[in-house]
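This report refers to the structure that appears directly beneath it.
The values are calculated or read from the model by the stated rules, or taken from the named source; none is laboratory data. Keep in mind that this is a model prediction, so the values were computed, not measured. Virtual Cβ from ideal backbone geometry, glycine too; neighbours counted across all protein chains shown. These area figures cover heavy atoms from the full protein model, side chains too; ligands, DNA and RNA do not enter into them. Shrake-Rupley method; radii C 1.70, N 1.55, O 1.52, S 1.80 Å.
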Amino acid sequence: EDWDEYRADVQAHASLVPGLTDLMEKGPGKEDKGMLNKGLHSFLIINTKGAAKNIVMGVPSGDGHAAWQALLDEYQGSSMLRIGKLQTEFFSMVRGESESMSEYVLRLEKTAAELKMLDMDVSPQMENVLLKGVGPEYSNARENIIMHGQSGYKETKSKLLLVAGNKEEEAKNSDQGGSGLEMAFQAGPLGRGGQARGWGPQGRQEGGRGAP
């Protein structure tokens, strides 16, 4: 199971028991007679498996604080590596050439959500990262937003998605117009039944009605 998800679940359960969060972080206090610490150890044994269970079972019996710290020592390091990787990905994010604006926005928001799960809040930087990575196709929109004053991630996102929608509509209309002209050009000299129209030696239109 993912360590960050497991850690969040354990901490959520601990918050429901008075004194348990402090026990996990600081160790048993003077007022603790061992029952809470033993209860934590039992809880961790029940809610771990494989290598993690072996770590919990490897500490002195009944020492929940020591078992929790042993899990942190084993798995927290990999969590920090993941945070570093996600931070690099987030702050260097750029919209791909074939990536739509909505896809780019979703990728940005997904990475930010993953960082938040790791206790890393990047929401204050989301607007700047979004604008920085839109690409040259949206440089005018970016400059206009910056020139008129940035008003927060949600509004900036809405403006960029609106511009993107307009661009897609213009491209669609342009393609449709081009197809119509192309068809007209290809069918230009054809009359009814696909016969070529032209003047024959008798002054009549071949493939059509003659002159009166």
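Determine, yes or no, whether Glu114 is surrounded by 13 or more Cβ atoms within 10 Å (Cβ to Cβ) and at pLDDT below 95.
The answer is yes for Glu114.
Could you list, in sequence order, all residues of the range 26-62 that are part of a loop (DSSP other than H, G, I, E, B), modelled with pLDDT of 90 or more and surrounded by 15 or more Cβ atoms within 10 Å (Cβ to Cβ)?
The answer is Asn47, Thr48, Val59.
I need the full set of residues from the range 1-24 which are within 16 Å of Ser42 (Cα to Cα) and in contact with a helix residue (DSSP H, G or I) (Cβ under 6 Å, 6 or more places away or on another chain), in order please.
Ala14, Leu20, Thr21, Leu23, Met24
Would you mind stating whether Ser100 is in contact (Cβ under 8 Å) with a residue 40 or more places away in the chain, polar (S, T, N, Q) and out of contact with any Asp or Glu (no Cβ under 6 Å at 6 or more places or on another chain)?
When the stated conditions are applied, Ser100 passes them.
Take the residues in the range 119-139 that are touching a helix residue (DSSP H, G or I) at 6+ places or on another chain (Cβ under 8 Å) and not in a helix (DSSP H, G or I); name whichever of them is surrounded by the fewest Cβ atoms within 10 Å (Cβ to Cβ).
Asp121
Does the range 85-103 contain any residue that is in contact with a Lys or Arg (Cβ under 6 Å, 6 or more places away or on another chain) and within 30 Å of Lys157 (Cβ to Cβ)?
no
Test each condition in (1) open to solvent by 40 Å² or more (accessible area, probe 1.4 Å); (2) of a type in the set (Ser, Thr, Tyr); (3) within 17 Å of Ala14 (Cβ to Cβ) for Ser92 and report the one that comes out false.
In the conditions (1) open to solvent by 40 Å² or more (accessible area, probe 1.4 Å); (2) of a type in the set (Ser, Thr, Tyr); (3) within 17 Å of Ala14 (Cβ to Cβ), Ser92 misses (3) alone.
State which residue pairs qualify: first residue on the phi < 0 side of the Ramachandran plot and inside the range 129-155, second residue part of a helix (DSSP H, G or I) and of a type in the set (Val, Ile, Thr) in any location, beta carbons under 6 Å apart, and separation of 6 or more residues or different chains.
Sorted first by the residue in the range 129-155, then by its partner, the pairs are Ala141/Val163; Ile145/Thr156.
Search the range 95-111 for residues being open to solvent by 80 Å² or more (accessible area, probe 1.4 Å) and among the acidic types (Asp, Glu), and hand back the single one that is farthest from Asn128 (Cα to Cα).
Per the stated criteria, the residue is Glu97.
Mind checking which residues of the range 140-164 are in a helix (DSSP H, G or I) and not aliphatic (A, V, I, L, M)? First the steps, then the outcome.
First, the residues of the range 140-164 that are in a helix (DSSP H, G or I): 140-147, 153-164.
Result: Asn140, Arg142, Glu143, Asn144, Tyr153, Lys154, Glu155, Thr156, Lys157, Ser158, Lys159.
As an exercise: evaluate Ala70 against (1) touching a residue at least 24 places away in the same chain (Cβ under 8 Å); (2) under 30 Å from Leu23 (Cα atoms); (3) open to solvent by less than 80 Å² (accessible area, probe 1.4 Å) and give the number of the one condition it does not meet.
So the condition that Ala70 fails would be (1).
Name every residue in the range 63-85 that is modelled with pLDDT under 90 and of a type in the set (A, V, I, L, M, F, W, C), in order of residue number.
Answer for the range 63-85, where residues must be modelled with pLDDT under 90 and of a type in the set (A, V, I, L, M, F, W, C): Leu72, Met80, Leu81, Ile83.
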